[in-house]
Structure formats: C-alpha cells, structure tokens
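The values are calculated or read from the model by the stated rules, or taken from the named source; none is laboratory data. Bear in mind the structure is a predicted one, so any value in this text is a computation, not a measurement. Cβ placement follows ideal geometry from the backbone for every residue including glycine, while neighbour counts extend to all protein chains displayed.
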Amino acid sequence: MALDLDENVLDIKERRQSELLTGAISVAAILLFVGTGSQVLSTTLQHYFQGGAPADRTLVIALLLNVALILFGWRRHQALSEEVRIRAAAEERAQQLASRDPLTGFLNRRSMAEEGAAMFVRAGRRRKAMALLIVDLDHFKTVNDMHGHAVGDALLRAVASEIAQAMPPIALTARLGGDEFACGFLFDPEQPDTVERIAERLVSRMAQPFEAEGLRLHISCSLGIARSDFDCASIDALMRSADIAMYAAKKSGRNRYAWFDQSMERELQTRNELESGLRTAIPRQEIVPYFEQQIDLTTGRLHGFEVLARWEHPQRGLISPELFIPIAEETGMIAELSLSIMRQAFAAARDWDPALSISINISPWQLRDAWLAQKIIKVLTETGFPANRLEVEITESSLFDNLALAQSIVGSLKNQGVRLALDDFGTGYSSLAHLRALPFDRIKIDKSFIMSLNESADSAAIVNAIARLGESLNLPVTAEGIEDAAIEERLRAIGCSKGQGWHYGRPMSAAATRRLLAERRLLQQPPQARSGEPPLDATSQRLAG
Ligand code: C2E
Ligand code: MG
Ligand code: MG
C-alpha cells in the first residue's frame, strides 16, 4: 500500500510538471497572439473594407496556429486539472483507508502507534502526561455468535460512538482489532482523577443496554489505563502497560477499570513462566489427576470421583487448575493435557470397584476438535476402562462455539455409553434451550450457590429452582461445594440426588484415593489373592465412609 501511494505521488508530480509545460506553451501562444494578432487583424480588416494590401499569408497562418494552440492548451489544462483533482482525492482516500478502521472510522492499530508516538512526545514537551486507555468489550463474542456479524458490527459502531463522546476534545481514538479499542489524551499529571472520571463514565455507559439492528444488547467492558509519566518510556511500553491493566480488570471480574501497576507486570511474568513450564510438565506427567468424592445424598454412599487436575510443580508445590487450565486453553495445550490426565486417571481407576464412576472435565476449547470423541475412546480402550463408568462434564459456554460439532462429539461418546453432565449450572446463561440442546444425563449446580445456601435467600431460591427444573426434565442434580453437614441436610430436603465437597474430603492424589478405597474394601482383588479368600462382593458392601 505504501508503495502504491509513493507511485501515486510521483505520478501526480509528473502530471503537475506536464501541466506547467502546457501552461507555459499556452502563455507563449497568447503573447504571440497579442503581438501578431492586432497587426494581422487590422491589415485584414483594412483589406476587406478599405481595399488595402492583404495581410502577409505567413502571419495569418501563424495567427491561426496560435489560436489553435491556445484552444488546445486550454482544453489540455482543463483535462489535466480534473485528473489531478481526481487523483488527489483518491490519494487522500487511500491514505484514510490505510490509517482508519473502515467500520468505526477510528484510527487503526498502525496509525494509533504513529499518532500516539507524536502525542507521547508532545506530553513531555508540555509538561503533561499522556493517558492511554485500552477498552475491551466483555462477552462480545457471545453477541456475535448468538446474533450474527451484522449485529456485532452495528454494536461496535455504537460502542465507538459512545467512546468518542466520552473522550475529551483532543483525543486519539482507535480500534485495535476485534472488540478492542484504545484512546489517548493529555492530562495534568497532578490530576489523575480527570482520567478516572472518564474511565468511570465509559465503564458505566458500556454496562447500559445498546440498541443495534432492532435488538437490545447487554454488554460491559474492561478498561486498562497507563500513564506516560509513571510507567513508560515509549508509546509501545505505554500500550503494553495499558493492555496488561485491561487484562487485570478482566480477571478481577470485568465491567471495571484498572490502573497499571508494577505488580501486574510481575504477574504477567509468572504467567509466562507457567506457560513455558507447562510445555515440559505435560510430557513429564507433572500434571496429575486428583480425585474428589461424589456421594449419593440419599444413601450416603460413595458412588464415584470427579477428576481434577493438579500440577505437582517440583519447586512451587501444588498448583491449582484455575491457574494453569486457562493458560493451557489459550496456548492450545489443553487437548494434550486433558488426554494425559485421562490416561493417568483411567489407569489408576482400573482396579477400583466396578460400581465407582469417574467424571472428567472437558474444556470448551476441546469441543472444537472433531476427533475428540475418538481420542477419548482410544484412551478408554488403551487403559481398559469401561466407557459406561465415565461421565464427561461440560459447561454451558461449550455450546456457543459450534453446537453442531458439540452435538456430533457428544453423540459419538454417548453411543459408547459415556454419560454427559452440565457443569457449573446457574452461572452464565442457565438457559433451558442449552439444557435441551444436548442429551444431558445430569445437571451440576455451581458451588457458589451451594456454599452460600444457608446464608443467602437468593442462593436457596436458585438451588430450589434448579432442583425443580431437574425434576421436570427428569435430570438428576448434583450439588458441588458442600462444606458442612447443615448444607448437606438442606440439599437432601430440596431433593438433590448427589453431592460433592470438602465436607466429604478434599480432592486426593491417586495414591491417597487408593488408600481410602482399600480401607473401604473397594479395590478389586488381584486374581491370586482372590483364590485364597472368599470373593469380595464389593457392590453389595456399604460404600460410604
Ligand atoms: P469444577 O469442575 O467446577 O470443579 C469443582 C471445583 O470446586 C474444584 O476446584 C474443587 O476442588 C472445588 N471444590 C469442590 N468442593 C468444594 C468445596 O466444598 N468448597 C470449595 N471452596 N471448593 C470446592 P479445582 O480443582 O480448583 O478446579 C477448578 C476448575 O478447574 C474446575 O471446576 C474445572 O472447571 C477446572 N478443571 C479442573 N481440572 C480440570 C481438567 O482436568 N480439565 C479441564 N478442562 N478443566 C479442569
Ligand atoms: Mg467439574
Ligand atoms: Mg463445577
């Protein structure tokens, strides 16, 4: 594009030179016309009216030629001027296209970097500070997925217009891509509250509904702010800091703003370390399955375990999946990690009592893999774990991306006898349509409602409503996050069939789980041991601890 523009400019220069030449010839022709024209004309007039000598033929021809040249020059001048005008307009448009986002008319990433750099320098010269705001919409992808790209585009235009209105008069506004915007402006370094007021206003406006293509849409935004005088030596560093602050705002709950501070930089460093550590940790099997008991609330019996990933880090100790699963998802390592966890868990559970089931968590990212069902079945076959003892837990967000693909994966798994649970129900959309979109065998109520069941009337109402919903759809309900006997009692009264939580014990390593099962005589005996002893009828035992 830059090359095209350069060529265009050269071309226009040549045209202007040629126009100059044509102009010069025309001026010379006019001068000649003035010089010779009066003499030839008066001689010719005298010849016709007073019978004088005729004008010199050569002079008459020169005069006519002059007239022709003037006419030609005039036309040429007109044509060239028009061409130059059209080309200049095209050049201006091309430059605009190269520097602007066509959807919103805001600057694009490249021109924001250029104009931001100029503003950054201006800030230093005028003893001001430059504030850089990065605004990222929350859940924009859901709007796009649910209503289509035309609605998404209309929403982005409406958002851009609100951003432009919220900014001070001299501000840079850019769309960096997707649903990410950047704004830059100068402020008095003594008064950062002016920046805060703008950020606050923007965040609260974004949380109001938007009208787009006749729809009422609800979104919010996460906003990061960095200031040139505190954090950064260049516009690039300023943009990076604001970006880090935006992610911090997102992580701490969205729909808010956050100023950049150095601790965020350290956090990012930790994240990068985790990411590179994860690459080697998966093949080394440092990420291991832990097992959380799942209890039949009516009988008090152990009926299985949920498999939860833990990173047994050689230096940092046990790392929570909340820290590394998102990284594994973002970096595409989740598939490998998940299959490794499954392989270890199925192998560990091979000789457990056959009545015990295993639940595994499947990330929404994995449901984009058309071969997922085959991969899971392959691990089941290799480890000899029966498919009908496996339950797969997915969350509602898995259903947004590609429902048809999710349905086909789930269909293949269910054909093999694998069961399907909807995890963390009650958070997110909690939609009936989603419940019916896939053949679920169970709903799991999110732990946040269960843990507060006895303190919050709202939580109790939600748990009750989900239990009734399960009843009417004929879907058993599992409650997760049972921390004490009072909650367990209440859930039994509400009618939850199964439960899990710290009341029954924390998630345990494979070895600890094995010890627990051995104590409860829930391990299948090896063949040689069986011959000497009466056969162990594990299923008929009381399974509860
Ligand atoms: P989840 O599937 O909803 O798992 C339940 C989480 O609640 C677990 O956290 C569990 O330790 C915790 N929990 C259980 N009972 C209680 C309780 O009584 N009180 C409290 N405060 N917490 C309780 P954990 O193990 O940290 O896992 C967090 C999330 O990470 C899981 O939520 C799941 O979404 C994800 N995750 C864990 N392992 C895997 C995995 O192998 N693959 C994938 N894709 N995600 C996983
Ligand atoms: Mg789960
Ligand atoms: Mg859950």
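Quick notes on this structure:
- Only one entry of Ile443, Ile394, Ile450, Ile358 meets the criterion of being within 16 Å of ligand 1 (Cβ to nearest atom), buried (at least 21 other Cβ atoms within 10 Å of the Cβ) and assigned to a helix (DSSP H, G or I), and that entry is Ile450.
- Counting only residues that are of a type outside the set (Asp, Glu) and more than 16 Å from Leu380 (Cα to Cα), region 338-369 holds 7 of them.
- If only residues of region 370-385 that are surrounded by fewer than 15 Cβ atoms within 10 Å (Cβ to Cβ) and not in a helix (DSSP H, G or I) are counted, the one that is nearest to the chain's Cα centre (by Cα) is Ala370.
- Within region 414-425, one or more residues are away from ligand 3 (no atom under 13 Å from the Cβ), part of a helix (DSSP H, G or I) and modelled with pLDDT of 95 or more.
- When Ala233, Ala249 are checked against the criterion of being more than 16 Å from ligand 2 (Cβ to nearest atom), over 30 Å from Pro354 (Cβ atoms) and at pLDDT 95 or above, a single residue qualifies: Ala249.
- Selected residue (only one of Arg254, Arg266 is in a helix (DSSP H, G or I) and over 20 Å from Ala349 (Cα atoms)): Arg266
- Top-ranked residue in region 470-529 [being assigned to a loop (DSSP other than H, G, I, E, B) and polar (S, T, N, Q); ranked as nearest to Arg350 (Cα to Cα)]: Gln524
- Members of region 324-355 found to be buried (at least 22 other Cβ atoms within 10 Å of the Cβ) and not in a helix (DSSP H, G or I), listed by number: Ala349, Trp352
- Residue within region 450-467 that is free of Cβ contacts under 8 Å to residues at least 40 places away in the same chain, more than 30 Å from Ala493 (Cβ to Cβ) and either of a type outside the set (Asp, Glu) or away from ligand 3 (no atom under 16 Å from the Cβ) (or both) present: no
- Pairs, first within 30 Å of Arg490 (Cα to Cα) and assigned to a loop (DSSP other than H, G, I, E, B) in region 295-319, second modelled with pLDDT of 95 or more and within 12 Å of ligand 1 (Cβ to nearest atom), C-beta under 6 Å, six or more apart: Leu297/Gly499
- Helices (runs of 4 or more DSSP H) enclosed by region 108-174 - at least 2 residues per element that are surrounded by fewer than 19 Cβ atoms within 10 Å (Cβ to Cβ) and modelled with pLDDT of 95 or more: 109-125, 149-166
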